[in-house]
Amino acid sequence: MLAFISRVQHISNPPSSAVQPKDKNALKFGCLGAANIVPGALVNPAKTHPDVLLYAVAARDKARAEEFARKHGFQKSYGGATGYQDMIDDPEVDVIYNPLPNGLHFEWTMKALKGGKHVLLEKPATDTEDEARQIFALAEKKGLVVLEAFHYRFHPSIQRVKAILNSKELGAIKSISAALSAPEGTAKPDDIRWKYELGGGSTMDPGSYTINVLNYLASPSKSKSVMSASAEHYSSAPQHKQIDKKFTATVNLENDILGELFSDLNESRIFGVIPRIPKLKAVIHCEGGTVEIFNFLIPHFYHYITVTPTGKRSRVEKAYKFADGSKGEEWWTTYRYQLEAFVEKVRSRKPQTWVEPQETIDNMKLIEEIYAKDGFGSRPHSEYEYHDDE
Ligand SMILES: NC(=O)C1=CN([C@@H]2O[C@H](COP(=O)(O)OP(=O)(O)OC[C@H]3O[C@@H](n4cnc5c(N)ncnc54)[C@H](OP(=O)(O)O)[C@@H]3O)[C@@H](O)[C@H]2O)C=CC1
Ligand SMILES: O=C1OC[C@@H](O)[C@H](O)[C@H]1O
């Protein structure tokens, strides 16, 4: 309990000894949009990273951009109709953080790459597999780094689960199920997540994590086909027939692995009154036992990994730091671990781990296949067309 309290305190308020003065040549980050996720995913992690400078934020409204910059410690702000592009064009900016709605990820990541900037790109990377391919093709051509911000992948806990599976302690994987849900009302009716034209939907949001964790834990086995998928509409936005509030799918992967996925972006209350405990689990059944991780999404607050070899007693593990001494602290969030890896990659050093371009492409492919199977259809392809006019 004391460890939990200490972690929570340090997450929002890192110990002063860990707050780093910035290097003279620290990477200058420019943030596209004053989005809700920015404090958790960039501002707080940057406090303890000596090589990350919160240089600029751009928002569509100039006053909002100024206020956000003041509140969160960005040196500069850009606003108005040209604010996003003006910030990309600022020669001081090294890295663009893109937490725009999903449907705008492609356009603004392509524009950032065109402007010669590395991109930390919020998940899911794009609306379609084709867009993800285009992003990584351009990044490669330009010699720039793009990372889809599946932050949980950088935390020691999910990597410990992968190591247990790789160790073959429990033999071959037979099935993987992953479920994530958010209680009713978490995403308000006007949230970007309910807007089809912005790339909304449950499969795109919590669902994209379940798809990512399935592909990651099953790897090197790849998904072969979606066997079944069904989704439910979000009834508060009936105009968006293609917006899924929740989905389930079963996936057939190589080596006879079965994937079972579930996510609900607005999980209804019991008897309409009692909120449900959010689903946050991945369970892996192997030939010789089971591994389960509770809270793979935000494990820095609390998580546990239960390993049960068939016919034997379970053991419980926790992993807030890497056992091999790789950099990290008990209280580092998934986002802080992610920022560490991202900077290492941009600096041409070897990150502790990475989400490879092909993984992002595979993730988008499976999202589209699930939407095809459940009848909701892919999210709209961006109208932005890249022209290399340099
Ligand atoms: N890694 C993680 O843990 C999380 C990731 N995310 C991802 O981050 C992204 C943003 O999510 P979230 O922070 O919740 O979103 P918000 O709605 O808080 O922010 C979205 C931002 O997009 C900008 N924007 C530009 N065009 C539009 C438009 N047409 N409609 C609405 N907003 C627009 C707004 O910027 P402006 O300030 O210029 O008005 C706004 O600040 C999503 O891709 C989501 O999947 C979200 C939550 C957690
Ligand atoms: O990335 C995310 O993580 C947590 C979810 O609740 C949120 O909707 C999503 O965007």
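Here are the numbers for this structure:
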{"read-out": "Qualifying residue in region 363-381 (condition: closer than 18 Å to V145 by Cα, at pLDDT 95 or above and buried (at least 24 other Cβ atoms within 10 Å of the Cβ))", "value": "no"}
{"read-out": "Residue match in region 310-319 (condition: of a type in the set (S, T, N, Q), surrounded by 22 or more Cβ atoms within 10 Å (Cβ to Cβ), outside the structural domain of P45 (by TED's automatic domain parsing) and within 21 Å of L165 (Cβ to Cβ))", "value": "no"}
{"read-out": "Within region 96-140, tally of residues that are more than 16 Å from ligand 2 (Cβ to nearest atom) and not basic (K, R)", "value": "24"}
{"read-out": "Failed condition for E169, given (1) part of a loop (DSSP other than H, G, I, E, B); (2) away from ligand 1 (no atom under 16 Å from the Cβ); (3) among the acidic types (D, E); (4) not assigned by TED's automatic domain parsing to the domain that holds K195", "value": "(4)"}
{"read-out": "Scan of region 79-101 for residues that are in contact (Cβ under 8 Å) with a residue 40 or more places away in the chain, surrounded by fewer than 21 Cβ atoms within 10 Å (Cβ to Cβ) and farther than 25 Å from G199 by Cα, ordered by number", "value": "D90, E92, D94"}
{"read-out": "Qualifying residue in region 175-193 (condition: in contact with a Pro (Cβ under 6 Å, 6 or more places away or on another chain), over 20 Å from P124 (Cα atoms) and within 16 Å of ligand 1 (Cβ to nearest atom))", "value": "yes"}
{"read-out": "Single residue of G207, G200 found to be more than 20 Å from Y152 (Cβ to Cβ), buried (at least 23 other Cβ atoms within 10 Å of the Cβ), in the same structural domain as P357 (by TED's automatic domain parsing) and of a type in the set (G, A, S)", "value": "G200"}
{"read-out": "Verdict on S175 being polar (S, T, N, Q), under 23 Å from I367 (Cβ atoms) and surrounded by fewer than 21 Cβ atoms within 10 Å (Cβ to Cβ)", "value": "yes"}
{"read-out": "Residue in region 4-12 that is crowded, with 16+ Cβ neighbours inside 10 Å, within 16 Å of ligand 2 (Cβ to nearest atom) and either over 19 Å from L100 (Cβ atoms) or among the polar types (S, T, N, Q) (or both) present", "value": "yes"}
{"read-out": "Residue match in region 212-235 (condition: over 20 Å from the mean Cα position of the chain (by Cα), free of Cβ contacts under 8 Å to residues at least 40 places away in the same chain, in a strand (DSSP E or B) and farther than 18 Å from G377 by Cβ)", "value": "yes"}
{"read-out": "Of all residues making up region 86-106, the number that are more than 10 Å from ligand 1 (Cβ to nearest atom), out of contact with any helix residue (DSSP H, G or I) (no Cβ under 7 Å at 6 or more places or on another chain) and in a helix (DSSP H, G or I)", "value": "3"}
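Matching residues to (1) under 21 Å from H300 (Cβ atoms); (2) buried (at least 21 other Cβ atoms within 10 Å of the Cβ); (3) more than 7 Å from ligand 1 (Cβ to nearest atom):
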residue	(1), (2), (3)
S16	yes, no, yes
N25	no, no, yes
G33	no, yes, no
N36	yes, no, no
K47	yes, no, yes
A56	no, yes, yes
S77	no, yes, yes
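The values are calculated or read from the model by the stated rules, or taken from the named source; none is laboratory data. Quantities reported herein were computed from a predicted structural model and do not represent experimental measurements. Every residue, glycine among them, receives a Cβ derived from its backbone with ideal geometry; neighbour counts consider all protein chains shown.
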